[in-house]
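Below is one structure, written out as structure tokens; the observations come after it.
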Amino acid sequence: MNITGIILAAGMSSRMGAINKLLLKYRHHTIVEETLEQLSNSMVDNILVVTGFENDRIEELLSKKVTDRISIIHNCDYHLGRAESIKCAVGLIKNNVDALLFMVADKPGVTSDLIAEAIDRFRKDRPAILYVETPAGRGHPIVFSKEVFGDLLHMQGDHAGDRLLAKYRDDTVKLKDDAEQIDVDSEADYQRLLKQNAGKKVR
């Protein structure tokens with residue numbers, strides 16, 4: 001089963017003011033690099049990073065990481081919402097891909113171990129959709145089987161995923177995870193992320 005990982009890195013980072021949150025320092029590099037590193041260390045077959053806002057800065061940073069397994073595409077309609085990045089990625093997927101695993105670039109605390117666990121569970125249960133459920137609600141990664149690709153191409157806006165989950169609610173697997181997934185939208189979130197990381201063992 002071929003599973004391709006998609007990192008959504010196109011958002012405008014509007015709640016951070018003049019700062020692009022994906023370029024904030026985290027561990028030994030930046031937030032977007034950490035997200036890519038964690039996904040790279042999991043069991044996905046290929047990785048596609050979708051850029052948008054300030055794509056030149058993001059792509060320059062990640063260009064040295066491009067390989068036969070990792071590629072970058074630009075979504076010129078990123079201002080229309082996350083669904084446009086999803087459709088941009090799905091439109092480039094090859095026929096041999098059986099599932100898509102989505103990550104948002106601003107959750108660098110999602111570990112490769114959790115991603116690998118999600119992939120294992122997906123391979124075992126073969127649902128239409130699998131997502132991680134945290135104490136705060138739905139988290140990442142989210143995995144969509146090939147049968148859902150057509151629906152992904154018709155998504156609109158930032159919250160179309162809710163309707164998709166409702167459509168496939170009888171064929172959805174929830175993977176429980178007790179860890180907090182900090183979504184870096186504000187300076188306060190960033191400080192919480194740094195504090196969370198300070199409590200972990202240094203790799």
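The values are calculated or read from the model by the stated rules, or taken from the named source; none is laboratory data. Computed from a predicted model, the values in this text were never measured in an experiment. Glycine also receives a Cβ, built like all others from the backbone with ideal geometry; neighbour counts cover every protein chain displayed.
Of note:
- Of all residues in the range 152-182, those being in a loop (DSSP other than H, G, I, E, B), modelled with pLDDT under 95 and within 20 Å of GLY11 (Cα to Cα) number 7.
- Within the range 118-147, the residues that satisfy the criterion of being over 17 Å from the mean Cα position of the chain (by Cα) and assigned to a helix (DSSP H, G or I) are ASP120, ARG121, ARG123, LYS124, ASP125, LYS146, GLU147.
- Where LEU153 falls short, out of the listed (1) free of Cβ contacts under 8 Å to residues at least 40 places away in the same chain; (2) more than 27 Å from LYS21 (Cα to Cα): (1)
- Candidate set from the range 76-104 (those that are charged (D, E, K, R) and out of contact with any Phe, Trp or Tyr (no Cβ under 9 Å at 6 or more places or on another chain)); member that is surrounded by the fewest Cβ atoms within 10 Å (Cβ to Cβ): LYS94
- Restricting the range 167-203 to residues that are among the polar types (S, T, N, Q) and under 17 Å from PRO141 (Cβ atoms), the residue that is nearest to the chain's Cα centre (by Cα) is GLN181.
- Looking only at the range 8-53, residues that are within 15 Å of LEU194 (Cβ to Cβ), in a loop (DSSP other than H, G, I, E, B) and in contact with a Pro (Cβ under 9 Å, 6 or more places away or on another chain) come to 1 in all.
- Taking the range 62-89 as the range and being in a helix (DSSP H, G or I) and basic (Lys, Arg) as the test, the residues that pass are LYS64, LYS65, ARG82, LYS87.
- Tabulated pairs, the range 1-28, first under 15 Å from GLY81 (Cα atoms), second assigned to a helix (DSSP H, G or I) and among the β-branched types (Val, Ile, Thr), C-beta under 7 angstrom, 6+ apart or interchain: ILE7/THR35; ALA9/VAL32; ALA9/ILE58
- The range 161-203, residues that are over 16 Å from TYR26 (Cβ atoms) and of a type in the set (Phe, Trp, Tyr): TYR168
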